[in-house]
Amino acid sequence: MDANETATVRGWDPLVKLTHWGIALAVLVNGVFTEEGSDWHVWVGTGMAALLLVRLLWGFIGPKEARFSAFPPSPTRAADHVADIVAGRKLAHASHNGLGALMAYALWATLGVVAVTGFLMSGVPGTASARVEAPMVPAVTAPLAPVAEEADEEREEADEAEEGEGGEGAEGGEGPEWIEEVHEVAANLLFVLAALHIGGVLFETRRSGPAVIRRMTGGVRG
Amino acid sequence: MGRRAWVLAAIVLLQAVAAVFFVGDALADVREDGWRAHVLVEGTIALALVAGVVLGALELKRMLAEAQRSADALAVARGALGELVAERFAQWGLTAAEADVALFALKGFDTAGIAELRGAAHGTVRAQLAQVYAKAGVSSRAGLVALFFDELLDGVAGPR
């Protein structure tokens with residue numbers, strides 16, 4: 001139903017484009033530029049979570065192509081698309097192709113994990129739970145490991161100080177260690193998925209033309 | 001609709017960011033101090049923002065659907081007019097060359113323009129146009145155009 005050989009495929013709607021590029025920017029900024037656990041990191045993460053939530057809402061109430069029902073996560077569809085690739089068939093898809101759909105869900109799930117674990121550690125910026133700094137181990141860049149250890153020590157000291165004051169540390173905003181672990185692993189996974197995603201789009205563009213990219217980069221009317 | 005849809009989408013997203021912030025803030029406050037008036041106010045703001053996000057998204061969807069409908073209607077109208085023209089040309093028994101010339105005439109080209117486009121002599125085009133008018137039962141280019149307008153306005157061509 002989503003394959004149509006004659007019709008020119010329409011560009012994604014403004015909300016899809018804004019959430020897509022907004023989240024991409026947030027992932028780049030928080031993965032590369034902001035200091036983990038810093039206010040900026042938490043702000044950017046909060047914004048990303050909001051964009052993600054709106055895109056998921058849009059998956060239920062948005063236009064046909066943007067809805068989950070237009071691209072159900074289905075191994076069959078993914079296999080169909082692989083068969084299309086092997087056979088050299090170039091079908092236009094009104095929504096995502098079978099493989100692209102799986103990637104979309106994988107990215108969203110991972111973003112969701114990153115957002116939830118991030119929130120559990122730091123809350124939203126400027127609030128009670130974020131006031132106690134919760135420095136984190138940098139997720140992506142291995143060379144920064146020594147810094148990470150320092151941050152770890154600092155945090156442990158903060159923990160101890162808090163416990164010393166008789167507080168249980170719950171409002172300190174740093175959950176158990178595993179939350180941090182999950183946050184980092186998911187963040188790293190996110191970059192792997194993003195790289196695969198970009199690779200997939202480039203592959204599909206070489207295979208069946210620039211329409212795939214233009215749908216997401218096209219201008220106001222695009 | 002282009003720009004308005006973008007503006008609305010951007011507003012929806014800003015509201016969503018604000019909503020997430022207030023929900024998070026309220027949750028943190030509850031955890032810290034329990035339920036207090038301050039939390040209720042924050043909760044209310046969060047609720048209002050969430051409602052704004054949902055309604056804004058619905059409105060955006062309506063706007064996009066509306067734009068799509070007009071685009072579709074325009075395409076149908078174009079296609080319908082094209083079909084009508086082809087149908088009439090066939091009824092009148094126009095030759096291929098005459099049909100070409102007649103179509104250019106409908107599109108507003110004058111004799112010189114048509115001659116240039118077809119790489120034909122003025123006299124040839126003028127003769128072909130005369131043939132078209134005669135077969136269509138009109139005496140001028142205006143008459144030819146009016147035939148189609150008349151049908152469209154009458155709804156003789158039939159709305160789909």
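Only the coordinates and a few stated rules stand behind these numbers; no lab work does. Note that the structure is predicted; figures quoted are calculated from it, not measured. All Cβ positions, even for glycine, are placed from backbone atoms using ideal geometry, and neighbour counts span all protein chains on display.
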In sequence order, calculated HN-Hα J values of region B:104-121 (Karplus, 6.51, -1.76, 1.60; Hz; x Gly/Pro):
4, 4, 4, 7, x, 6, 8, 4, 4, x, 5, 4, 5, 4, 8, x, 10, 6
Cα extents of region B:93-154 along the three principal axes, largest first (Å)
37, 20, 18
For a quick check: with amide H placed at 1.01 Å from N, whose amide H comes under 5 Å from residue A:35's, ignoring anything fewer than 5 positions away on the same chain?
A:41
How charged is the neighbourhood of residue B:39? Take every other residue with its Cβ under 14 Å from the Cβ of residue B:39, and add Lys/Arg as +1 and Asp/Glu as -1.
-3
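Rounded to the nearest 500, what is chain B's calculated 222 nm mean residue ellipticity when only DSSP H runs of at least 4 contribute -39500 (n - 2.57) each, over all residues? Walk me through the numbers on the way to the answer.
On the way: 6 runs with 136 residues, N = 160.
Helices in chain B give a 222 nm mean residue ellipticity of -30000 deg cm²/dmol.
Over all pairs of distinct alpha carbons, what does the Kirkwood formula give as the hydrodynamic radius of region B:30-130, in Å?
Details: mean 1/r = 0.0521 Å⁻¹.
Kirkwood radius, region B:30-130: 19.2 Å.
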Taking a crude spin-label model, label points 7 Å out from Cα along the C-beta direction, the residue B:87 to residue B:31 distance in nm is 6.9
Per residue of region B:69-81, what does 6.51 cos²θ - 1.76 cosθ + 1.60 with θ = phi - 60° give for ³J(HN,Hα)? Whole Hz please, x for Gly and Pro, Karplus curve as stated.
4, 5, 4, 5, 4, 4, 5, 5, 4, 4, x, 5, 5
Per the charge dipole of region B:1-53 (beta-carbon charges, Lys/Arg positive, Asp/Glu negative, Cα centre), the residue among B:7, B:47, B:20 reaching farthest to the positive end is B:7
Could you name the lysines whose alpha carbon sits less than 30 Å from that of residue B:61, not counting residues in the same chain fewer than 8 places away?
A:17, A:64, A:90
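Ratio to report: Rg/Rh of region B:2-71, with Cα atoms as the point set and Rh obtained by the Kirkwood method; give two decimals.
Details: Rg = 16.0 Å, Rh = 13.3 Å.
That ratio equals 1.20.
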